[in-house]
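Peer 1: One structure follows; several queries about it will come next.
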Amino acid sequence: MIGSSAALLAITRATAGEMIVLIGSVLILISAIGVIRFPDALTRMHALSKASTLGVSLALAGAALAMTRLDDVMSLAFAAALQAFTNPVAATLLTRATYYANEPAATRSKWLRRLRLAEDVEQTGDDEQQHHNGSDVRHDSGDPGDAPNG
Amino acid sequence: MIGSALSTSIVVVLLIAAALFVIRLIAGPTLADRVVAMNGLLLVGLVFLAVQAVNTDRNSNLPVLVVVSVVGFVGTAMIARFLRGRKL
């Protein structure tokens, strides 16, 4: 009776581990679809780093749940922790290198980089504001001269 | 039987993801896109090794998994260093 209960527990644990591995694989598939469909290198890195970090960590943790011996479980858990800690760092390094790729070597100072990043963020905010104003003007262009400019 | 269906579906999902990463690896316009696709292929191979270790209940390639994690991180960091200050 006790042996049968232990066998049922082992089968349940293996099935649960494989299900978690399946969830992680589906997350990796979602990140692959994002890598295919996103238009820019930075957005592709965004898709890969977030979804795929969670997917690989879940898949390795599920495999650790499905294994039985303690050294296998510890090895898989160590690999999962390693992926979960090093993958965002690698993605950040690669994103910084891509973002600052086209500037010459003479202007590589920390404060200039921060200034340029702040200017980029401010400029995108202005673009959204102008886009919003343009759509408003285009919307009520039936009676010109009535809309307050600015 | 349930475990067999689960492992088959895992392998199918991983193969579709690997095909998409290979498409991006071939068609990526810049070097950064190819690095991203290569990193994704590395992760797919990692999960495939783990699934195979679970299915065959054999632990001879689990250290390979840990080593591949470390080597993938070091390789991505090296390519980021190589890419800095270079025109894309």
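Peer 1: Can you give me the number of residues within the range A:22-39 that are more than 9 Å from chain B (Cβ to nearest Cβ) and either buried (at least 19 other Cβ atoms within 10 Å of the Cβ) or within 19 Å of B:PRO29 (Cβ to Cβ) (or both)?
Peer 2: The number of residues fulfilling the criteria is 5.
Peer 1: Another question, if that's okay. Could you list, in sequence order, the residues of the range B:3-45 that are over 30 Å from B:ASP57 (Cα atoms), touching a residue at least 40 places away in the same chain (Cβ under 8 Å) and among the hydrophobic types (A, V, I, L, M, F, W, C)?
Peer 2: B:LEU31, B:ALA32, B:VAL35 - these are the residues of the range B:3-45 that are over 30 Å from B:ASP57 (Cα atoms), touching a residue at least 40 places away in the same chain (Cβ under 8 Å) and among the hydrophobic types (A, V, I, L, M, F, W, C).
Peer 1: Any idea how many residues of the range B:1-43 are open to solvent by less than 60 Å² (accessible area, probe 1.4 Å) and not in a helix (DSSP H, G or I)?
Peer 2: Result for the range B:1-43: 2.
Peer 1: Which ones in the range A:48-74 are free of Cβ contacts under 8 Å to residues at least 40 places away in the same chain, open to solvent by less than 10 Å² (accessible area, probe 1.4 Å) and not acidic (Asp, Glu)? Break it down into steps so the answer makes sense when it comes.
Peer 2: If we filter the range A:48-74 for residues that are free of Cβ contacts under 8 Å to residues at least 40 places away in the same chain, which is where we start, we get A:50-60, A:69-74.
Then drop every residue that is not open to solvent by less than 10 Å² (accessible area, probe 1.4 Å), which leaves A:52, A:55-56, A:59-60, A:72.
Result: A:SER52, A:GLY55, A:VAL56, A:ALA59, A:LEU60.
Peer 1: Of everything in the range B:44-72, what is open to solvent by less than 10 Å² (accessible area, probe 1.4 Å) and not aliphatic (A, V, I, L, M)? Give them in sequence order.
Peer 2: B:SER69, the sole residue that qualifies.
Peer 1: In the range A:52-69, what residues are within 22 Å of the chain's Cα centre (by Cα) and more than 8 Å from every other protein chain (Cβ to nearest Cβ)?
Peer 2: Of everything in the range A:52-69, those that are within 22 Å of the chain's Cα centre (by Cα) and more than 8 Å from every other protein chain (Cβ to nearest Cβ) turn out to be A:THR53, A:LEU54, A:SER57, A:LEU58, A:ALA61, A:GLY62.
Peer 1: I would also like to ask the following. Pick from A:ALA32, A:ALA61, A:ALA84, A:ALA90: which is under 19 Å from B:VAL70 (Cβ atoms), in contact with a Phe, Trp or Tyr (Cβ under 6 Å, 6 or more places away or on another chain) and part of a helix (DSSP H, G or I)?
Peer 2: Working: A:ALA32 fails: under 19 Å from B:VAL70 (Cβ atoms); A:ALA61 fails: in contact with a Phe, Trp or Tyr (Cβ under 6 Å, 6 or more places away or on another chain); A:ALA84 fails: in contact with a Phe, Trp or Tyr (Cβ under 6 Å, 6 or more places away or on another chain).
Among A:ALA32, A:ALA61, A:ALA84, A:ALA90, only A:ALA90 is under 19 Å from B:VAL70 (Cβ atoms), in contact with a Phe, Trp or Tyr (Cβ under 6 Å, 6 or more places away or on another chain) and part of a helix (DSSP H, G or I).
The values are calculated or read from the model by the stated rules, or taken from the named source; none is laboratory data. Bear in mind the structure is a predicted one, so any value in this text is a computation, not a measurement. Positions of Cβ are backbone-derived with ideal geometry, glycine not excepted, and every protein chain shown enters the neighbour counts. Heavy atoms of the whole protein, side chains included, go into the accessibility calculation; ligands, DNA and RNA do not. Shrake-Rupley method; radii C 1.70, N 1.55, O 1.52, S 1.80 Å.
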